[in-house]
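See below for the structure under consideration.
The values are calculated or read from the model by the stated rules, or taken from the named source; none is laboratory data. All figures in this text were calculated on a predicted structure; none of them were measured in a lab. Every residue, glycine as well, gets a Cβ built from its backbone with ideal geometry; the counts of neighbours run over all protein chains shown. In case anyone asks, the SASA skips ligands and DNA or RNA and just uses the protein heavy atoms, side chains included. Shrake-Rupley method; radii C 1.70, N 1.55, O 1.52, S 1.80 Å.
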Amino acid sequence: MHWIAEFYRSTPGKKFVMAVTGVVLFAYVLLHMVGNLQIHLGPEELRGYVRLRYAAPGLLWTVRFVLLVAATLHVIAAVQLTVRNRGSRPVRYAVRRYREADYASRTMIFTGVAIAAFGVYHLLHMTFGSVHPEFIRSDVYHNVTSGLHVPPVSLLYVAASAVLGLHLYHGLWSVFQTLGLSSPIYDSWRRAFATVFSLVVTLGFGSVPLAVLLRTL
Amino acid sequence: MELDPRIPGGPLEEKWIRYRKTVKLISPANKRNFTVVVVGTGLAGASVAAALAELGYNVLAFCYQDSSRRAHSIAAQGGINAAKNYQNDGDSVFRLFSETVIGGDFRSREANVYRLAELSGVIIDQCVAQGVPFAREYSGYLANRSFGGSLVSRTFYCRGQTGQQLLLGAYSALCRQIGLGRVKLFPRTEMLDLVVAGGRARGIVTRDLVTGSIAAHAADAVLLATGGYANIFFLSTNAKGCNATAIWRAYRRGAGFANPCFVQVHPTCIPQSGEYQSKLTLMSESLRNDGRIWVPKRKGDTREPSEIPENERDYFLERMYASYGNLAPRDMASRAVKRVCDMGYGVGPSGRGVYLDLTEAVARLGGDLLRERYGNLFEIYERITGRDPLKAPMRIYPAPHYTMGGLWVDYGLQSTIPGLFVLGEANFSDHGANRLGASALLQGLADGYFIVPYTLGEYFAGTVLDGVSPAGRPFVDAQKEVQERVARLVAVQGRRTVDSFHRKLGALLWEHCGISRSEAGLRTAIEEIRALRREFWEDVRVPGKTTEFNQELEKAGRVADYLELAELMCRDALAREESCGCHFREEFQTSDGEPFKDDGRFCHVAVWEYMGDDREPVRHAEPLTFETVKPEDRAQYASQGYTRSRRK
Amino acid sequence: MRLTLYIWRQKSTTDKGRFVKYEVENASPEMSFLEMLDMLNRQLIERGGEPVAFEHDCREGICGCCGMVINGIANGPAGGTTVCQLYMRHFKDGAVLYIEPWRSRAFPVIKDLVVDRSALDRIMQAGGFISVRTGSAPEAHTILVSKETAELAMDAAECTGCGACVAACPNGAAMLFVAAKISHLGLLPQGQPERDRRAQAMVRQMDREGFGGCSNHRECEAVCPKRISIRFIARANRDFLRASLFYSKSASGKAGATGKTKRCFEK
Ligand SMILES: Cc1cc2nc3c(=O)[nH]c(=O)nc-3n(C[C@H](O)[C@H](O)[C@H](O)COP(=O)(O)OP(=O)(O)OC[C@H]3O[C@@H](n4cnc5c(N)ncnc54)[C@H](O)[C@@H]3O)c2cc1C
Ligand code: HEM
Ligand code: HEM
Ligand code: SF4
Ligand code: F3S
Ligand code: FES
């Protein structure tokens, strides 16, 4: 067997793929969030950002491609691992108490699926506009403000931001373990790192729909 | 019974070298035609199984636990001795040898002990190469600690888990051979009988502890490495499963049993807290370096220790042994503790305990330093008793710990049955009447890695072995006997649990064949043991079937054998009319309570031969001669050790 | 003390198993958990019943035989201990306890609370060793190991192979055990030549045995009687990764031999 296939077949191999793709997704999400935050600055500034974004289509499509591949691998590995993990204990405990595993770590697959579902909706909403009643191609500011004007949609975006935060709360701590990046020098900072960045992501994304909803834009 | 120790000629230092030079060899291609059964996977068993498989033999290895890594060697805490002289403190092979002989009170075989000391160095090399994480100095060199009974610092250790790490080393070597298909391992399989065919050990009968199926395994030689039998006392520092079954069954098939009464009692164990207690836990002796041992002067004083003023305390070890004080040798300390408790001065709910008080050391050295020194011991103590040893004195009491007795073996570790080799604690080891701390691990590994791989080859090369098959006569017969015996145990259907008999037996032995023994006591014990044995076969209750996983049945078989061995222990103690090492006969003491040793009459190994259930066993003797170290006064030697520890 | 116990009873591997309720009177806070079960068993036997099967041997926390899940926590509420070293003083009078065996696909139940952990041994047989022939070792002091490294290796080497980590892991992963082994040998200079090979072989066998994968839930570390740190999991991941990326792809010294052919030779 080719070594890559063999590597991927192992549980740490799959987990490694999840970690790398997770980091890629996180990097994108972070950039996207920074982009989104410019909405707070007003339509002009955002247009500048959007123009920049479409200025180099090659780059855009590369990014999109990488993103698509990463997301696909992340999801496939997630599903495979979860199926395997669930199968490793055919008879469950009658009583189960956790001492360390937190809510975030135990719900990774659910928060993950929720993010995926949101992602599909979000693409149809903001990128293709198919579920956006007032969609105007390439007027991002308009699309966002009008799209998030409807309270249920807006709340959905807020919820998605929270769920993403939860996913990252465990993911950003865990990723160091998976990649073998543990060291007494910075181990004590890993929890803080994950907490801060999951909060930043939640608040960063959440602030946009909230602002729209509260009509402060 | 012929007891030829077959010691090679020549000066002591050259015997083993000569033996190896002249030993007959088996060609590599021929080795795979030999099958060897190894029973036991402790230090001795795992090491020999791995070493033989590396040489090319076919090995079948057996243990009663679910994994070979769980043999009782895992529990050894203190360390392993080796005469490396890394400390430049005057250690040498000769010194380790002479200390072992003196420690054993001149009841061990010189040539064997010398070889043990000689091999100690390569054992450390071997273990290090296997990845045993011995303690190190900052420089990266190996660290040593000192241990009781020795004037030099030669004990190698891995925190308080030396036995565990050494066993894991041997286990990993064994795992490698299993992976390579050269060893077939039978975990959860208990040996219940030895098969002797044509006067030679040719196989064993086992019970699969999961399915209950009884099977015979044929081989060209049988190696027993089944450990010690101190668990006969029920309350001991040994694991619950430790048993004498393998060696006892071999004894009944004709192997001589040497010095069965030699049992080492360890003075510092956590005392029993109640009737339900199932075992006793060892606290390293090193605590006596910093602790003072006392009891209240008033009988049955129930005050908290802190409320008992200084002048109402009896520091009895310091009082009784002015020169040794709290560091009196293991046997003396144990006896003294038992005596004060028997007289009613003992402390704790059961009255079987004395204080080991560190408060003075806390004041002198501070709690932190003590914690650093004994941290893991304090943790064990606190977990078991719920009390912090730095706040209130610890309570300790002696407990049976190690059996020097075992099957008799010659220089090549072969028993009186040709083809039956015995290794580790199961043989009447190299420790005479008393074992030095940190030498049992050494012996197990020496036997397994470096001795039997040579001596077994010699046996094969010098023997013509007929083919045998497990379907043959002696195998089928032995199998049937085992089947019947197992069925009989279940068929009794009495009222009492196996444990109740074991407890009773243990209490009897502890009283009469423990720390101190007397003729009257031993005679009573023999009668009571016989009665108990009868009662056992009439009133024991073993629930469940023979053909399933049945832990009560396992225990019952072991206790049934213990009930027979106990009698032999008492007989042996009765016949040895002297006090030596661990064996203290009340009739044989000096006016000031020191043991009286009779080298004239008893400088020998007592070897018992089984003559049938309805006949008395016969006692034979292998005379011991000492050419290199002469029986000198042990007390004088021990006091040297005391001075050393005092200054530390 | 009075206790109500719901104990998992299962006659054999193929039996379905169920909880049976037992009342225990007069337990003492000074008893170990296993001694409490001894007492129950004695009563069961005397009343003509079948005692509860549970595994134990050393009863001092080192052999790794014992283990059960008590009220949803492997080895009970005290933490960092085995059941033989768990004392009844950690429970309240009148407590209701559910007692279950280790549950994992790789650990089939043999009877009641006894499970088959031989999967862990097979992982060791796949590569948990340093291949040194008896008698071929160099003098011990030719191999220097810094104190820090030796201590760290010892931290990992303390693992007793008890399987509590597997029992506690929400994924039924054996990663803490495997990581402890990989790290113990991988940290020492003696273990270097086989380090890559060992990591790969052990992980592969672990997967074959049907254990789950590690999602870094940290439950294992919380129940491990030897308090083995999950840092070793990170270490083992690193070793495995390194081995997968570099091991046996290293070029041969011979002209014309590519990494790939070398890899084939290895097989
Ligand atoms: C608490 C404690 C601390 C100790 N500390 C030290 C120390 O610090 N230094 C030191 O040198 N010594 C120490 N000792 C002594 C030392 O540990 C033992 O003497 C030594 O480990 C015995 O090793 P072994 O290989 O002979 O037997 P064991 O390790 O006892 O192995 C016996 C093997 O035989 C198997 N077996 C037994 N009966 C059967 C049967 N009927 N059928 C199949 N298999 C069977 C078992 O499964 C096991 O695998 C200590 C002992 C104890 C109890
Ligand atoms: C923007 C999207 C996402 C980001 C940034 C992200 C990020 C991460 C990160 C960093 C990890 C930790 C990896 C590790 O422990 O090594 C992770 C784990 C995980 N992710 Fe995602 N993820 C995203 C989307 C998803 C989706 C869509 C799914 C599922 C359908 C998913 C399912 C999981 C699961 C199950 C895990 C845990 C795997 C395990 O530990 O076994 N994730 N994610
Ligand atoms: C909550 C606030 C969010 C807002 C306001 C928002 C807004 C937008 C907009 C306007 C676009 C279209 C951009 C364009 O076509 O140029 C877009 C695209 C996208 N968004 Fe979001 N988004 C939010 C949250 C998220 C989250 C949480 C994720 C990830 C989990 C996400 C992932 C994406 C992706 C993958 C694209 C497609 C990128 C592309 O077409 O290249 N978004 N978003
Ligand atoms: S890592 Fe800990 S819990 Fe797991 S087997 Fe080893 S000692 Fe037991
Ligand atoms: S609990 Fe399980 S998920 Fe990993 S960190 Fe421990 S093995
Ligand atoms: S019985 Fe040995 S660890 Fe519990």
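Here is a check on your reading of the model: is C:Ala199 surrounded by fewer than 24 Cβ atoms within 10 Å (Cβ to Cβ), touching a residue at least 12 places away in the same chain (Cβ under 8 Å) and more than 7 Å from every other protein chain (Cβ to nearest Cβ)?
Numbers: surrounded by fewer than 24 Cβ atoms within 10 Å (Cβ to Cβ): no; touching a residue at least 12 places away in the same chain (Cβ under 8 Å): yes; more than 7 Å from every other protein chain (Cβ to nearest Cβ): yes.
Spelling it out, it is not the case that C:Ala199 is surrounded by fewer than 24 Cβ atoms within 10 Å (Cβ to Cβ), touching a residue at least 12 places away in the same chain (Cβ under 8 Å) and more than 7 Å from every other protein chain (Cβ to nearest Cβ).
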Scanning the range B:472-503 for residues that are among the basic types (Lys, Arg) and within 14 Å of chain C (Cβ to nearest Cβ) gives B:Arg495, B:Arg496, B:Arg503
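Within the range A:47-60, identify whether any single residue is within 19 Å of the chain's Cα centre (by Cα) and closer than 20 Å to A:Leu203 by Cα, and answer yes or no.
Just the residues of the range A:47-60 that are within 19 Å of the chain's Cα centre (by Cα), to begin with: A:60.
The next check asks that each one be closer than 20 Å to A:Leu203 by Cα; those that pass are none.
Scanning the range A:47-60, I find no residue that is within 19 Å of the chain's Cα centre (by Cα) and closer than 20 Å to A:Leu203 by Cα, so the answer is no.
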In the range C:57-99, anything outside any loop (DSSP other than H, G, I, E, B) and within 16 Å of ligand 5 (Cβ to nearest atom) is listed as C:Val69, C:Ile73, C:Ala74
Restricted to the range C:18-28 and to residues being touching a strand residue (DSSP E or B) at 6+ places or on another chain (Cβ under 8 Å) and buried (at least 16 other Cβ atoms within 10 Å of the Cβ), the residue farthest from the other protein chains (Cβ to nearest Cβ) is C:Tyr22
Those helices (runs of 4 or more DSSP H) completely within the range A:1-98 that have 3 or more residues that are within 16 Å of ligand 3 (Cβ to nearest atom) and open to solvent by less than 50 Å² (accessible area, probe 1.4 Å) are A:11-37, A:43-55, A:57-87
Taking first residues from the range C:29-54 that are more than 18 Å from B:Val490 (Cβ to Cβ) and more than 7 Å from chain B (Cβ to nearest Cβ) and second residues anywhere that are in a loop (DSSP other than H, G, I, E, B) and of a type in the set (Asp, Glu), the pairs with Cβ under 9 Å that are 6 or more apart or on different chains are C:Pro29/C:Asp93; C:Val52/C:Asp112; C:Phe54/C:Asp112
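Within the range B:475-483, is there a residue that is over 30 Å from C:Gly48 (Cβ atoms), open to solvent by 20 Å² or more (accessible area, probe 1.4 Å) and under 27 Å from the mean Cα position of the chain (by Cα)?
Going residue by residue through the range B:475-483, those that are over 30 Å from C:Gly48 (Cβ atoms) are B:475-479.
With open to solvent by 20 Å² or more (accessible area, probe 1.4 Å) added as a condition, the list becomes B:476-477, B:479.
Checking the rest, the ones that are also under 27 Å from the mean Cα position of the chain (by Cα) come to none.
Looking for residues that are over 30 Å from C:Gly48 (Cβ atoms), open to solvent by 20 Å² or more (accessible area, probe 1.4 Å) and under 27 Å from the mean Cα position of the chain (by Cα), one finds none in the range B:475-483, hence no.
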In the set C:Glu194, C:Glu209, C:Glu221, the lone residue that is open to solvent by 10 Å² or more (accessible area, probe 1.4 Å), farther than 24 Å from A:Val83 by Cα and touching a helix residue (DSSP H, G or I) at 6+ places or on another chain (Cβ under 9 Å) is C:Glu194
Across the range C:110-125, the tally of residues that are within 8 Å of another protein chain (Cβ to nearest Cβ) and farther than 19 Å from C:Leu188 by Cβ stands at 9
Result of the Cβ filter at 7 Å on the range B:253-281, keeping first residues that are under 30 Å from B:Gln479 (Cβ atoms) and in the same structural domain as B:Thr416 (by TED's automatic domain parsing) and partners that are assigned to a loop (DSSP other than H, G, I, E, B) and of a type in the set (Val, Ile, Thr), at least 6 apart or interchain, is B:Arg253/B:Ile417; B:Gly254/B:Thr416; B:Gly254/B:Ile417; B:Ala255/B:Thr416; B:Ala255/B:Ile417; B:Gly256/B:Thr416
Of the listed residues (A:Ser161, A:Ser154), the one being more than 13 Å from ligand 2 (Cβ to nearest atom), in a helix (DSSP H, G or I), of a type in the set (Gly, Ala, Ser) and open to solvent by less than 30 Å² (accessible area, probe 1.4 Å) is A:Ser154
Those residues of the range B:152-182 that are more than 7 Å from chain C (Cβ to nearest Cβ), touching a Phe, Trp or Tyr at 6+ places or on another chain (Cβ under 9 Å) and open to solvent by 10 Å² or more (accessible area, probe 1.4 Å) come to a total of 3
Per the filter on the range B:70-81, residues facing chain C (nearest Cβ under 9 Å) and open to solvent by less than 20 Å² (accessible area, probe 1.4 Å) are B:Arg70, B:Ala71, B:Ile74, B:Ala75
C:Gly128: passes all of (1) within 15 Å of the chain's Cα centre (by Cα); (2) more than 7 Å from chain B (Cβ to nearest Cβ) but (2)
Exactly one of B:Gln87, B:Gln65 is out of contact with any Asp or Glu (no Cβ under 8 Å at 6 or more places or on another chain), in the same structural domain as B:Pro133 (by TED's automatic domain parsing) and either part of a loop (DSSP other than H, G, I, E, B) or polar (S, T, N, Q) (or both), and that residue is B:Gln87
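Rundown of residues vs (1) in contact (Cβ under 8 Å) with a residue 40 or more places away in the chain; (2) within 14 Å of chain C (Cβ to nearest Cβ); (3) open to solvent by 40 Å² or more (accessible area, probe 1.4 Å); (4) of a type in the set (Lys, Arg), yes/no style:
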site: B:Arg303; (1), (2), (3), (4): no, no, yes, yes
site: B:Pro309; (1), (2), (3), (4): no, no, yes, no
site: B:Phe316; (1), (2), (3), (4): no, no, no, no
site: B:Asp331; (1), (2), (3), (4): yes, no, no, no
site: B:Ala336; (1), (2), (3), (4): no, no, no, no
site: B:Gly348; (1), (2), (3), (4): yes, yes, no, no
site: B:Gly366; (1), (2), (3), (4): no, no, no, no
site: B:Glu372; (1), (2), (3), (4): no, yes, yes, no
Going through (1) open to solvent by 10 Å² or more (accessible area, probe 1.4 Å); (2) in contact with a His (Cβ under 9 Å, 6 or more places away or on another chain); (3) within 17 Å of B:Thr385 (Cβ to Cβ) one by one, B:Cys269 fails only at (1)
Per the filter on the range C:198-228, residues out of contact with any Ser or Thr (no Cβ under 8 Å at 6 or more places or on another chain) and more than 15 Å from ligand 5 (Cβ to nearest atom) are C:Arg198, C:Ala199, C:Ala201, C:Gln205, C:Arg208
With the first residue restricted to the range A:165-182 and required to be more than 10 Å from chain C (Cβ to nearest Cβ), and the second required to be within 13 Å of ligand 5 (Cβ to nearest atom) and not aliphatic (A, V, I, L, M), Cβ contacts under 9 Å at 6 or more apart or on different chains are A:Tyr169/A:Asp102; A:Tyr169/A:Ser105
Could you go through the range B:136-154 and let me know if any residue there is within 21 Å of B:Gly42 (Cβ to Cβ) and at pLDDT 95 or above. no
When A:Trp189 is run through (1) open to solvent by 40 Å² or more (accessible area, probe 1.4 Å); (2) hydrophobic (A, V, I, L, M, F, W, C); (3) touching a helix residue (DSSP H, G or I) at 6+ places or on another chain (Cβ under 9 Å), the failure sits at (3)
Discussion item. C:Ile99 - would you say it is under 21 Å from C:Val24 (Cα atoms) and in contact with a Phe, Trp or Tyr (Cβ under 8 Å, 6 or more places away or on another chain)?
Written reply: yes
Within the range C:44-79, residues of a type in the set (Phe, Trp, Tyr) and within 15 Å of the chain's Cα centre (by Cα) come out as none
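Mind listing whichever residues of the range A:135-155 are in contact with a His (Cβ under 9 Å, 6 or more places away or on another chain) and either near ligand 3 (Cβ under 9 Å from one of its atoms) or of a type in the set (Asp, Glu) (or both)?
Taking the range A:135-155 as the starting set, the residues that turn out to be in contact with a His (Cβ under 9 Å, 6 or more places away or on another chain) are A:135-136, A:143, A:146-147, A:153.
Answer for the range A:135-155, where residues must be in contact with a His (Cβ under 9 Å, 6 or more places away or on another chain) and either near ligand 3 (Cβ under 9 Å from one of its atoms) or of a type in the set (Asp, Glu) (or both): A:Asn143, A:Gly147.
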